[in-house]
Each structure stands twice: as C-alpha cells, then as structure tokens.
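Structure, as structure tokens:
The values are calculated or read from the model by the stated rules, or taken from the named source; none is laboratory data. Because the structure is predicted, anything quoted here is derived from the model rather than measured. Backbone-built Cβ (ideal geometry, glycine too); neighbour counts: all protein chains shown. When the accessible area is computed, the model is the full protein with side chains, heavy atoms only, and any ligands, DNA or RNA have been set aside. Shrake-Rupley method; radii C 1.70, N 1.55, O 1.52, S 1.80 Å.
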Amino acid sequence: ENIPACPDQTGLVAANVTSATADTSWDDMSANGATGYEYAVTTSATPPTSGTETTDTFYLASGLAGQTVHYLHVRASCGGGLFGNWATTSFSTPPANDTCAGATVLTVGPNFATNQITASLTGASTTAGLAPSCQALFSSDVWYTVTVPASGRVTIETQVAPTNTLTDTVISVYDACGGTVTQIVCD
C-alpha cells in the first residue's frame, strides 16, 4: 500500500516586521492531512534539514538582526516522520534606527573622522507625516540624535563610501522626536 503524501506547505507570511521581530504565519494544512508543522527562521535561503515542531500556524520571531534578509521555512508534518516539502519566503528587517524612537546616538567630535559611523538605508521605511522641505523625492529615512555642545553649534557631515555610487544625501534636522516636531534645517 502506498504511503499517503504529506501536503506541501502554502501561504507563508511575515508581517509587522521590525528591526528585531516579525509575526510569521502559514496556512492551516490539517484538512489535507497535516498534524503539525516544522518551522525555522534563518538567514539562508536553503531550507534546513529540520525545524522547530509546533501545531500552531504562527510564530513570533524575535532576536532578529536588523538590516538583514531572513527566510521563513515551513513544512507540514503528518506524523511518523512523514513531511511535506519545505516552503520558503523571505523578508528584510529594517535598521535599528528606522524610527525616531530607535535613533542612533551621535557623538560630537572635532572632525568627521573622529566619530564617524557607517550607515545604510537598506531596509529602511519612510516615516509617515514627515517630509524634508529640501527634497520631495525621498523614499526612506533613518534617525540619529545628538546633544548640542555648550558652544551651541554642531556640524553634521556625510561622506559617501568610495565603493558607493550615491551622489547626494539629504539631512533634515528636527527639534524633537514624536508628537509635534518642527524642522530646523534641511540640506
């Protein structure tokens, strides 16, 4: 007698993705013979050899790395070591400073090289309701915060990495984070 096939998984979703978490879910395959599921969230597109067992059709992934492509792998389990094929979907986590609340703290120094940081907009979203006055065509933003020294002056500078083809950046400075914010300057 032929062993009945275990169904292949369908309907993988990653929603409410932050820089460290994602709500993942998949279709209920119990009507097709599944008695449970195995899942894994990895940074490799290659399905694992095994995953975490569950009877749920969802998993709150946590501890994810920001600015990283992650892969949700799920397969149906039909008991007795019988599994369907792995289904895989990808999702990207934004940088940790994708929101004003997660702003990266800048340290004031005497010149650019003293406290420079490497940054990227990869995976960043656009903050709703804010638009820099000097650039109408922007698609994403990241946030930084700085304490102005006693002199009352701070210079904010950007440089493009030698291997990057970026030709211009936009910096918009606001007086606060959240609530009513006022743009101070835009370049």
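Structure data summary
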{"item": "Full-stretch length increase - Gln183, Ser140 - with 0.36 nm per residue and alpha-carbon distance subtracted", "result": "13.8 nm"}
{"item": "Segment 31-187, accessible surface, carbon-and-sulfur percent (1.4 angstrom probe)", "result": "52"}
{"item": "Net charge of Cβ neighbours under 15 Å - reference Ala61; Lys, Arg +1; Asp, Glu -1", "result": "-3"}
{"item": "Candidate residues Arg75, Arg153: accessible-area rank, largest first, probe 1.4 Å", "result": "Arg153, Arg75"}
{"item": "Point-to-point label distance, Ile117-Thr10, nm (Cα→Cβ direction, 7 Å offset)", "result": "4.5"}
{"item": "Contact order normalised by residue count of segment 1-67, Cα under 8 Å, 6+ apart, percent", "result": "36"}
{"item": "Residues Thr43 and Ala101, FRET efficiency given R0 of 35 Å [Cβ-Cβ distance, rounded to 0.05]", "result": "0.85"}
{"item": "Burial order of peptide ranges 95-108, 156-169, 127-140 (average beta-carbon count within 10 Å, highest first)", "result": "95-108, 127-140, 156-169"}
{"item": "Accessible area expressed per residue, segment 27-122, with surrounding protein chains retained (probe 1.4 Å, Å²)", "result": "55"}
{"item": "Derived scalar couplings ³J(HN,Hα) [segment 95-108; Karplus, 6.51 cos²θ - 1.76 cosθ + 1.60; whole Hz; x for Gly, Pro]", "result": "x, 4, 9, 6, 10, 4, 5, x, 3, 6, 7, 8, 9, 6"}
